[in-house]
1. Just order B:262-269, A:62-69 by mean Cβ neighbour count inside 10 Å, highest at the front, would you?
2. For residue B:371, enumerate residues with amide H under 5 Å from its amide H, sequence gap 5+ or separate chain, H modeled in the peptide plane.
3. Which whole number gives the average count of other chain Cβ atoms within 10 Å of the Cβ atoms across peptide B:626-639?
4. Residues in the range A:22-37 near a label at residue A:86, defined as backbone nitrogen under 19 Å from the 7 Å Cα→Cβ point?
5. Could you order the peptides B:248-261, B:460-473 from most to least packed, using the average number of other C-beta atoms within 10 Å per residue?
6. Within 10 Å of each Cβ in A:15-22, how many Cβ atoms from other chains are there, averaged over the peptide?
7. In what sequence, highest mean first, do B:2-15, A:81-94, B:98-111 appear when ranked by Cβ atoms within 10 angstrom?
8. Put a dot 7 Å past each Cα toward the Cβ at residue A:68 and residue B:560; how far apart are the dots in nm?
Amino acid sequence: MERIVVYSLVLSGLLFSMGMLGVVVRRHPLVMFMCIELMLNAANLAFIAFAWHLQEVSGQVYALIVMAVAAAEVAVGLAIIVAVYRYRADVDIDDVSTLRG
Amino acid sequence: MQCIHFAIWWPLLGLLVNGLFGRHLPRKLVGFIGCFTVFLSFMCSLYAFVMYLGSQTLGVFAEYEYYILPWIQVADLRLDYGFLVDPLSLLMALTVSLVSFLVHVYSMGYMADDDGYPRFFAYMNLFVAMMLTLVLANNLVLMFIGWEGVGLCSYLLIGYWYRKQAPPLAGMKAFVLNRLGDFGFLIGIFLVFWYLHSVNFTVLREKLSGPTELGPYLFTTIALFLFLGAIGKSAQFPLHVWLPDAMEGPTPVSALIHAATMVTAGVYMVCRLNFLFTWSGFALLAVAFLGGFTAIFAASIALVHNDIKRVLAYSTISQLGYMFLAAGLGAFWIAIFHLFTHAFFKALLFLSSGAVIHGMHGEQDMRKMGGLAKYMPQTYWNYLIGAMAISGIPLLAGFFSKDAILFAAFGARPEVLRSAGAILWAVGVATALLTAFYMFRQMYLVFLTAPRFDEQKLRPHEAPWVMLVPLWLLSVGSVFGGYLALPALFRLPNLLGPFLQRTLALAGEEAAAEVHRAGELLGEGISMVVSVVVVLIGVVLAHYLYRMRWGITERLKRVFAVPYRILLNKYYVDELYDSALVAPGRTFAEAVDQVVDRGIVDGLVNLVAFILGAAGQLLRPLQTGFVRNYAWYIGSGAVALVIILWLVRG
């Protein structure tokens, strides 16, 4: 395996873990969003790396699709955050837990 | 003539309009729609009748069958939405639609202050449609549709005042008892189809006109099952108990459904299937004897009752018994003749009693009436005409039809039991005596004795013209209806008999000739004189007991305490049913309810619910509501998945 591919995958794993950690420990929704973006981009990096390794273009195509999905997700997510903020004047994610079983 | 089936569609249209939009329409319009659709249906019947008469050569009446739509076609079962136009169905359709129309007009006045005005007219229209389906159907199954339809309307209209306690219960009773009869009717239809491979009336008659290899026991069985249906619908003993209770419904309903039309469906069915019944002498004799027994049984109960409508209800049962008596002796056209005249005078009596109740502000107890002739003279005259007609006072409708029945019994010599005719004749004459007595007892109690209510406070009033006009028209029918079939003794043409002969042939062709045989004229004269004398005795007795010796009845009650109590309690038939059937049935149902329903069925359902609930309880702590927990689950799940895949790949 080429060295660059290995480095890319290691970086991707690191980024993903950081994103994961952020989502789990942070309580501000915007920060959580950034972390989710981080995870998505880590996945993208892995796609690209594998595409390079396998000389296969579909990996890059998938990266583009992931970006499109991420954009849509951000649009919906930010709208929800704004709505929650209007309703409660506060966006601490732990307060929004009315769906508790 | 094919237009006859529009007679069914018009009232259905009225049902749709009044049922769906009636609440938003003005009351006048609702009443108008209700009446006018039935009037159109009468016009359709009349048109078909005139066309029919026009298309026939003199004295020979053919029949026409129309297939409007195919309905069910499976193997050799072929059912059509089709109609049979012959003298019998035409006469029935005319009677039904005419009486219905008059009752509808009357209802506009009687129900004027009622909240459920559109609902009432919707049900009544549905009833007319179903009754016409019943009488015009060309096969047994379509007839059964109408049969059940009128039963449904009867149920709905008995329980019309559903906020009170008694009417819904009475409706339920009528429905359940009719179920018992319908069960027999259905089995009869199945047997007919199984052995004769058709349910079409004309086809059946064709098959049964010649010799057949099927034994007499089969026909007896079929006929008795079919007759069970007639017993239920026409309120004959022992299923008669629903009809008196059905008087809880509004009076126009009692007049139309529970006197003039629906309850006669059983008689109509027996006459329609005469070709089948005549194959079994035993079944016919059973019909005749049950009819005769019911006639005198119900008439005796009517002697002592004090509710103005209940007396009429028992009178209806008794008159229906007369019809079955005639049909059972093979005089089918006479049964239909009595049905025809009875429709007029019984509707007249019921509607007049409705006018009395209306004028007395809801009072139905005859002991609290009296002297009403002064307050409502027109109602009085109509009631008098009705009472005279049903009692058989000479030259009114009931005289001719009842006399025809008695004479048919007088001359009948059924093969199974030679003396049956004489026995039934005696029963019929005795019933005529009772009928005259209880009708004129009612006349005196309601109209002619001194008032037994507070005249200053109650102030009875005459009915409005919208109620009186139908009464007068029905009176015309009650007076002149009998002239359609004059006895041979009068040496005037009998119009109805030959008209119905074609359909009700069989014993008919001979019977009609018999009625006209010169040698029998003496017998007919004797029979007529006897019945007239008996009727006059009844009237005079009523006059003596309730006019000349007012108060003597109290003494008679004490002298004949036991029979009086038995009659007042209707021979304890209701009590017998209660203790023999209803109470054990209820106990059984409660036991089943406890063990099977609550124990097993509910237990299983509750068990499933409990398992699911417990599982939910177990898993619900996982749903914390914190997003980071979910993220944690997802992350650890992904990691677990990777580990598992790694391990599996080994």
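1. Going by the mean number of other Cβ atoms within 10 Å, highest first, we get B:262-269, A:62-69.
2. B:447, B:448, B:449
3. So the per-residue partner count for this stretch is 4.
4. Answer for this model: A:29-30.
5. With the highest mean Cβ count within 10 Å placed first, the list reads B:248-261, B:460-473.
6. Taking all residues of A:15-22 together, the mean is 2.
7. The most tightly packed comes first, giving B:98-111, B:2-15, A:81-94.
8. For the pair residue B:560/residue A:68, the computed spacing is 10.1 nm.
Values quoted throughout were computed directly from the atomic coordinates according to the rules given, and no laboratory measurement underlies them. What you are looking at is a predicted structure, and each value in this text was computed from that prediction instead of being measured. Note that each Cβ is placed from the backbone with ideal geometry, even for glycine, and that neighbours are counted across all protein chains shown.
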